[in-house]
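The values are calculated or read from the model by the stated rules, or taken from the named source; none is laboratory data. Being a predicted model, the structure only gives us computed values, none of them experimental. No Cβ is skipped: glycine too gets one built from the backbone with ideal geometry, and neighbour counts run over all protein chains shown. Surface accessibility is based on the protein's heavy atoms, side chains included, excluding ligands, DNA and RNA. Shrake-Rupley method; radii C 1.70, N 1.55, O 1.52, S 1.80 Å.
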Amino acid sequence: MKRKDFDFHLPEALIAQDPLEDRSSSRLLVLDKETGKIEHTIFKDMVQLLNKGDCLVLNNTRVLPARLIGSKEVTHGKVEFLLLKRLQNDQWEVMVKPGRKAKPGDRIVFGDGVLKAEICEVIEGGNRIVQFEYKGIFEQVLDELGQMPLPPYITHQLKDKERYQTVYAKHNGSAAAPTAGLHFTPELLKEVEEKGVKIAYVTLHVGLGTFRPVKADDILEHTMHAEYYWVDKEEADKINETKAQGGRVIAVGTTSSRTLESIADEKGYVKATKGWTDIFIYPGYTFKAVDGLITNFHLPESTLIMLVSALAGREHVLHAYQEAVDKAYRFFSFGDAMFIH
C-alpha cells in the first residue's frame with residue numbers, strides 16, 4: 001500500500017488557525033462506515049447519534065506548555081527548546097533550535113533566570129539531553145514561562161492556553177492535544193451521560209511523532225513513534241461492560257483508538273494496564289475494541305488518515321474528505337469533526 005494512496009488536495013485556506021468561541025459549534029460530518037453515506041450536522045448534536053448503553057472513550061492527557069524561548073548565558077543568542085520526554089532528576093530530552101549552536105556545556109537562561117538549563121549531551125537524531133535548574137515546582141515554572149507547542153501549520157500563539165486543552169484534561173505529559181476532544185464542553189458531556197451513555201477515560205501522552213510525515217513510499221516501511229499510555233481498572237470495566245451488554249465503544253480521537261486497540265483481546269475486551277505503544281493501524285487492520293470514532297480531519301498521507309481509512313474504508317474516507325473540502329469544512333487541530341459509525 002502506497003503513501004500516495006492517502007493523498008488529497010487541501011486548499012490552504014481551509015486549515016483552521018483559531019478555535020471557535022463555542023467549542024461544540026463546530027460542524028460534524030457523519031460517515032456510515034458500511035455504506036459510505038454522509039450526513040452533515042453540528043457537533044453539539046452528536047448526542048443524537050449515540051445510543052443508550054454506548055461508551056464514549058476520551059483521552060484525558062494534558063498538554064505541557066513545552067515550548068521555551070531563552071538565550072545563551074554568555075552570547076545571549078536566542079535558543080528555543082521543545083520538551084519531549086522527562087527523564088530523571090530534572091533531566092529532559094529536548095529538541096533545540098538552532099541545534100547547530102547548542103553544544104554540551106552551553107548554558108541557557110529562561111525568564112530572567114527563573115529557569116536555567118545546561119546541555120549535557122547530543123543524542124541520536126539530534127535531540128539534546130539537558131539538565132534544568134529552578135526554584136519551586138517545575139510545572140508551575142513551566143506554566144509561567146512556556147508556550148503551547150502548537151502544530152507547525154498553526155502560524156501564531158493562542159491568547160488563551162486552555163483552548164489547546166480539552167475541558168477534561170487531567171494528566172500532564174503531552175506534546176500535542178488529542179484534538180478530537182477539543183469540541184466537548186462540560187454541558188455536552190453531561191448531556192451524553194444523561195442519555196445513558198458511559199464515559200470512560202484513558203490516558204495516552206501524545207508525542208510529536210503525531211506530526212511526523214510518512215516518508216516511505218510503501219507505508220509498511222514507516223516506523224511508528226512510541227507513546228506512553230495507561231488505563232485504570234474502573235475505566236476498563238466500563239468499556240468491558242459496554243461490550244458485554246452489546247453497546248458500542250466509540251473512541252474520541254485516534255489516540256484513544258490506538259490505546260484501546262493496543263490493549264484489547266480478540267473479543268475487544270480490555271484490561272487495566274500501562275506501557276508504551278507503537279501500534280500502526282492502516283487498511284487491512286481489523287478493529288477489536290473500537291466500533292465508532294469521533295475525529296478531526298487529518299493531513300494528507302498521514303498515519304492518522306490511514307487509521308481512519310482502516311475503520312471506514314479508504315474510498316469512503318477519501319470521498320468524505322472531498323465532500324468536506326467542497327463544503328469548506330475547517331481542517332486539522334482547530335477544525336471541524338467527523339463521526340464514523
Within region 59-85, track down each residue that is basic (Lys, Arg) and surrounded by 14 or more Cβ atoms within 10 Å (Cβ to Cβ). Arg62, Arg67, Lys72, Lys85
Hey, does region 226-245 have a residue that's closer than 24 Å to Lys170 by Cα, under 17 Å from the mean Cα position of the chain (by Cα), open to solvent by 30 Å² or more (accessible area, probe 1.4 Å) and among the charged types (D, E, K, R)? no
Would you please list the contacts, defined by Cβ atoms under 8 Å and residues six or more apart or on different chains, that run from a residue in region 325-337 that is farther than 19 Å from Pro151 by Cβ and assigned to a loop (DSSP other than H, G, I, E, B) to a residue that is of a type outside the set (A, V, I, L, M, F, W, C) and modelled with pLDDT of 95 or more? Lys327/His40
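Yes or no: Arg128 touching a strand residue (DSSP E or B) at 6+ places or on another chain (Cβ under 9 Å), surrounded by 18 or more Cβ atoms within 10 Å (Cβ to Cβ) and of a type in the set (Lys, Arg)?
yes
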Considering every residue within region 31-42, establish whether at least one is within 30 Å of Glu235 (Cα to Cα), open to solvent by 10 Å² or more (accessible area, probe 1.4 Å), without any contact (Cβ under 8 Å) to a residue 40 or more places away in the chain and not in a strand (DSSP E or B). yes
Exactly one of Arg258, Arg314 is open to solvent by 30 Å² or more (accessible area, probe 1.4 Å), closer than 27 Å to Phe43 by Cβ, out of contact with any Phe, Trp or Tyr (no Cβ under 6 Å at 6 or more places or on another chain) and charged (D, E, K, R), and that one is Arg314
Inspect region 164-185 for any residue being surrounded by fewer than 17 Cβ atoms within 10 Å (Cβ to Cβ), outside any strand (DSSP E or B) and without any contact (Cβ under 8 Å) to a residue 12 or more places away in the chain and give the result as yes or no. no
Please determine whether any residue of region 317-339 is open to solvent by 10 Å² or more (accessible area, probe 1.4 Å) and within 24 Å of Cys55 (Cβ to Cβ). no
With the condition kept exactly as written, say whether any residue in region 282-290 is modelled with pLDDT of 95 or more, basic (Lys, Arg) and under 25 Å from Met1 (Cβ atoms). yes
